[in-house]
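To start, the structure itself, in structure tokens.
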Amino acid sequence: MPRAQGAIEQLIRHRVAQHPRQTWLKYNDTEFSWEQVLSNIQRAANGLLALGIKPAERVALMMGNRPE
């Protein structure tokens, strides 16, 4: 099923293509790369799809303010 790509997704994919291991975020003593953030986004998206959420449906996420 084709899906729309938003501006944020395009930005992240562009950064991953250019600098996959460049630091995206530092939190305490942990660094996250652009490659890792894309992997985490894809894992979360696949989890939502597995729950039956369809592309373009709105969801609300409630979680702590941490990068994990």
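The values are calculated or read from the model by the stated rules, or taken from the named source; none is laboratory data. Keep in mind the model is a prediction, meaning the values are calculated, not measured. We place every Cβ from the backbone using ideal geometry, glycine too, and count neighbours over all the protein chains shown. Please note that ligands, DNA and RNA were not included when accessible areas were found on the heavy atoms of the full protein model with its side chains. Shrake-Rupley method; radii C 1.70, N 1.55, O 1.52, S 1.80 Å.
How many of the residues in region 1-18 are open to solvent by 80 Å² or more (accessible area, probe 1.4 Å) and either assigned to a loop (DSSP other than H, G, I, E, B) or in contact (Cβ under 8 Å) with a residue 40 or more places away in the chain (or both)?
Qualifying residue count, region 1-18: 5.
Please specify each residue of region 19-30 satisfying the condition of being open to solvent by less than 100 Å² (accessible area, probe 1.4 Å) and over 14 Å from residue 67 (Cβ atoms).
19, 20, 22
Tell me yes or no: at least one residue of region 31-46 is in a loop (DSSP other than H, G, I, E, B), of a type outside the set (Val, Ile, Thr), open to solvent by less than 80 Å² (accessible area, probe 1.4 Å) and touching a residue at least 24 places away in the same chain (Cβ under 8 Å).
no
Of everything in region 47-67, what is closer than 19 Å to residue 8 by Cα and not in a helix (DSSP H, G or I)? Give them in sequence order.
Result: 54, 55, 56, 57, 58, 59, 60, 61, 67.
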